[in-house]
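Worksheet: the structure to be examined is printed underneath.
The values are calculated or read from the model by the stated rules, or taken from the named source; none is laboratory data. Everything numeric in this text was worked out from a predicted model, so none of it was measured. Every residue, glycine among them, receives a Cβ derived from its backbone with ideal geometry; neighbour counts consider all protein chains shown. The area values use the complete protein model at the heavy-atom level, side chains included, leaving out ligands, DNA and RNA. Shrake-Rupley method; radii C 1.70, N 1.55, O 1.52, S 1.80 Å.
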Amino acid sequence: MSDTLDLAQELIRRRSVTPEDAGCQQLIAERLAPLGFEAHHLRFEDVDNLWLRRGSEGPVLAFAGHTDVVPTGPVEKWSSDPFQPQIRNGQLYGRGAADMKSSIAAFVTACEAFLKDHPDHKGSIAMLITSDEEGPSVNGTVKVVEWLEARGEKITWALVGEPSSTERLGDVIKNGRRGSLSGVLRVRGQQGHVAYPHLADNPVHRALPALAELAAIEWDEGNEHFPPTSFQISNIHAGTGAENVIPGELEVMFNLRFSTEQTDEGIRTRVHAVLDAHGLDYELSWRLSGHPFLTAEGELVEAASAAIREVMGLDTELSTAGGTSDGRFIAPTGAQVVELGPLNASIHKIDEHVRVEDLDALSRIYTGILKRLLAD
Ligand SMILES: [Zn+2]
């Protein structure tokens, strides 16, 4: 019998397809209330969020995660109902099994185990749970962080339960993420007949040298923690479909994943300088989805590495690879942020699953981190 497994199954049964929470947060809050966690249910627009805290002193160790899951895709392709958890061959199947209801269950059981031995711990234990991580991420963690800032509440260490592991539980933890900056560029020309180019102005011809220059820029070499910054054109479109018409406009979408060697301001300035140098008539709109952040080795990384070594007998690897996560909203407040969760091989897929024995191990790792940071 495993408390973590039981709770993970209860959470999977709740159909919390983003941005629905489907009662998951209520379940967590009720379970932790008798242990002294004070709950704030924060609803922003259509998104349920939960802030739980036990204690009023610092430092604050906050477990962070999400109860929402991505849609199932075609249900008939699943070997079992995605919202009826099933155990087969030592694996727990269900939507959210790996991303990230098992981690949420392990948060709860880790707190229960820790409080049994350390009811008078130092500082505070908190939980920041949203139901808007898989969606637009507008009314989730970012709003809770603003709410906390307004109240003067600070997170010292944020332990995000995203599935960070690749082959064995705990083999990789994420101690940072690259920044992500997107641009939509519209280069204007003058539409016309291909037989009369002197009466037209071809925006494709005008833009190509500038795009080639942008694509060839070596932004940086990365650093100890980050791979080099990369600029990628993701979409390019011009033309009416006819072979005899010079297009009037060219649209290009691009994205940069950038290291801590760059700032989004610096990148914007340089891109504009290239476009201006080529004399283009253009419009460019930007969207910054996250600044890069890095939690250098410190108490949180050390506590996580030591707890993983104790439970799993392996040395964890620090990584900043992969997509963005809600850690990007917490890091700017000055908190140390580490992502540590189960294997990510099946996330967002048909037949998402997690190893049953990893559930208790993950809970023990989280308990080990609590002990190292907050034991009295
Ligand atoms: Zn996730």
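Using C-alpha pairs below 8 Å separated by at least 6 residues, the relative contact order for the stretch 93-171 is 34 percent.
Straight Cα distances below 17 angstrom link residue 371 to the lysines 116, 122, with same-chain residues fewer than 8 positions distant left out. Among residues other than residue 148 with Cβ under 14 Å from its Cβ, the summed charge is -1 (Lys and Arg +1, Asp and Glu -1).
Computed about its Cα centre, the charge dipole of the chain is approximately 300 debye, with only Lys, Arg, Asp and Glu carrying charge at their Cβ.
For 312, 127, 253, the ranking by accessible surface with the largest value first comes to 253, 312, 127, using a 1.4 Å probe. Projecting the Cα atoms of 193, 28, 248 onto the charge dipole of the chain, computed from C-beta unit charges around the Cα centre, puts 28 farthest toward the positive end. A cut-off of 5 Å between modelled amide H atoms, ignoring neighbours fewer than 5 places along the same chain, links residue 43 with 49. Net charge in the neighbourhood of residue 303 (other residues with Cβ under 9 Å of its Cβ; Lys, Arg +1, Asp, Glu -1) is 0. Note on residue 77: lysines with a C-alpha under 28 Å away, same-chain residues under 8 apart excluded, are 101, 349.
In degrees from 0 to 90, rounded to the nearest 10, what is the angle of the helix 299-312 Cα long axis to the longest principal axis of the chain? With both axes taken from Cα atoms, the answer is about 60 degrees.
Using only Cα atoms and rounding to the nearest 10 degrees, what angle (0 to 90) does helix 203-216 make with the longest principal axis of the chain? Taking Cα atoms only, the helix is inclined about 50 degrees.
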